[in-house]
1. Step by step: first the residues of the range 235-266, then only those that are outside any loop (DSSP other than H, G, I, E, B) and among the acidic types (Asp, Glu), then the one that is nearest to the ligand (Cβ to nearest atom). Which residue is that?
2. Could you identify the single residue in LYS274, LYS323, LYS236, LYS319 that is without any contact (Cβ under 8 Å) to a residue 12 or more places away in the chain and closer than 23 Å to VAL350 by Cα?
3. Name the residue that is surrounded by the fewest Cβ atoms within 10 Å (Cβ to Cβ), counting only residues in the range 49-108 that are touching a residue at least 60 places away in the same chain (Cβ under 8 Å) and among the β-branched types (Val, Ile, Thr).
4. If we scan the range 286-294, do we find a residue that is of a type in the set (Lys, Arg) and over 30 Å from ALA212 (Cβ atoms)?
5. Return yes or no: is VAL9 outside any helix (DSSP H, G or I) and β-branched (Val, Ile, Thr)?
6. Suppose we filter VAL401, VAL410, VAL424, VAL365 for residues that are under 18 Å from MET208 (Cα atoms), assigned to a helix (DSSP H, G or I) and either outside the structural domain of ALA230 (by TED's automatic domain parsing) or not hydrophobic (A, V, I, L, M, F, W, C) (or both); which single one remains?
7. On the given criteria, is LEU140 in contact (Cβ under 8 Å) with a residue 40 or more places away in the chain and part of a helix (DSSP H, G or I)?
8. What residue, among those in the range 359-392 that are surrounded by fewer than 17 Cβ atoms within 10 Å (Cβ to Cβ) and touching a helix residue (DSSP H, G or I) at 6+ places or on another chain (Cβ under 7 Å), is nearest to CYS307 (Cα to Cα)?
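The values are calculated or read from the model by the stated rules, or taken from the named source; none is laboratory data. What you see is a predicted model; the values in this text were computed from it and never measured. No Cβ is skipped: glycine too gets one built from the backbone with ideal geometry, and neighbour counts run over all protein chains shown.
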Amino acid sequence: IRRNEGEVVFHQAVREFAESVIPFLSEHQLYRDQYILERMTEPDRIIIFRVTWEDDQGHLRANRAWRVQFNNSIGPYKGGLRFHPSVDQSILKFLGFEQVFKNSLTGLPMGGAKGGSNFNPKGKSDREVMRFCHSLMIELHRHIGPDRDIPAGDIGVGAREISYLFGQYKRLENRWHGALTGKGLSYGGSLVRKEATGYGAVYFVQNMLEHAGIDLAGKKASVSGSGNVALYAIEKLLDLGATVHTASDSGGTIYDRDGIDRDKLAWLIDLKEKRRGRISEYAEQFGAEYRAGENPWSVPCDIALPCATQNELDLNDAKELVKNGLLAISEGANMPTSAEAMHYFLEKDVLFGPAKAANAGGVAVSGLEQSQNSLRISWSREELEGRLQGIMKEIHDKCIVHGQRPGRSVDYKTGANVAGFIKVADAMCGYGAV
Ligand code: NDP
């Protein structure tokens, strides 16, 4: 702990992982002899740099940026960039650590990384965001590339930011290749990438329910967030016949008793993706209830999809959800459930889809974007949706192998951690002392 003093969320992520993997290690001497778990918790390297940029008033501003290259045992580093004022090294290490095992679960050859900056894109003009992205890439371009490290989006980094970043990368490198994913469709992006994380989280919950003999159609769902993951999770829930009653942002939650239908969702996507508005405007537009400063977890539901940020669902929320009859939870966001809440769900036999399995759809389609770039082809929407569905089913089935609890619901958390661990551990054992 002293080695990583003060890195609270990184400790949380490692502890949650180690709880699952240590019992498995007790039966696998080889991994123990090679100190695999200890080695895995240390990133390969962390790059820290200053980003100086000019605001619209002509003043120079400075932010800190990082790239945590965690582990490239099974493929080039891969993972998103986050722009948010809360970003620090601990958050990026937790996200990079999770990414290693998530990418392993997809079955694609991708290592794990994460990066970002404490830059706050909210309230900045497009030109300010452009100047920041261009300046960040002046340093980052040396450390990335299709065989080295391939960043993507995350909180605060969407299509606009990826376009500015890729434009600057291509200029500095004087070459066009898939060094970033989440690109626009006119310059190497993939169909279904934008929707993939949200769709994937819903496919995962559909798989968990099916395995337990329950139908998703007709179920009531609560979703948190109203960003990239949340919006497309809502879309897929509607496609599969569920009803969705909540969405949120950092200001509060809307509770729509009639349900968010397709027309309302189209309006919400336009509000969030184009007008960069607040969720409270949905309540004004459609007469829904607005709960300022609250999250959605007190609203009764069968299925919960936390899709905003880490630790957004605590033990009290978990108790409230279970009291109201929750059947399943699928983590669209990374580590949105606190450790206490997660243990409570497992104790109560709620089907718990952990982030590294449930939200792996985004990085999986990023992997498919890289394949399309390398092959110089574009697959159709049907082809990509089919592949995404297949990958989510395979991840679900891998979790079951190591998550069986006789007479109880499947422990998907242990299943995901152990299955993700084995592939990376085997590669590290093979390499010897590197
Ligand atoms: P976006 O920036 O598009 O949306 C984030 C949403 O979460 C916004 O509605 C935002 O509200 C809300 N939010 C952010 N911080 C807080 C907070 N502290 N409290 C309450 N609400 C908050 O990000 P994404 O949708 O891309 O990412 C959401 C989560 O999903 C993250 O945990 C991310 O790591 C994870 N994820 C994303 C993937 C992707 O493909 N995009 C892939 C895998 C995981 P506001 O606008 O008010 O800040």
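1. Top of the filtered list is ASP249.
2. Answer to the check: LYS323.
3. Once the filter is applied, the top-ranked residue is THR52.
4. yes
5. Taking the combined requirement at face value, the residue does not satisfy it.
6. Just a single option satisfies the conditions, and that option is VAL401.
7. Here the answer is yes, as LEU140 does meet what is asked.
8. Here the residue is GLN389.
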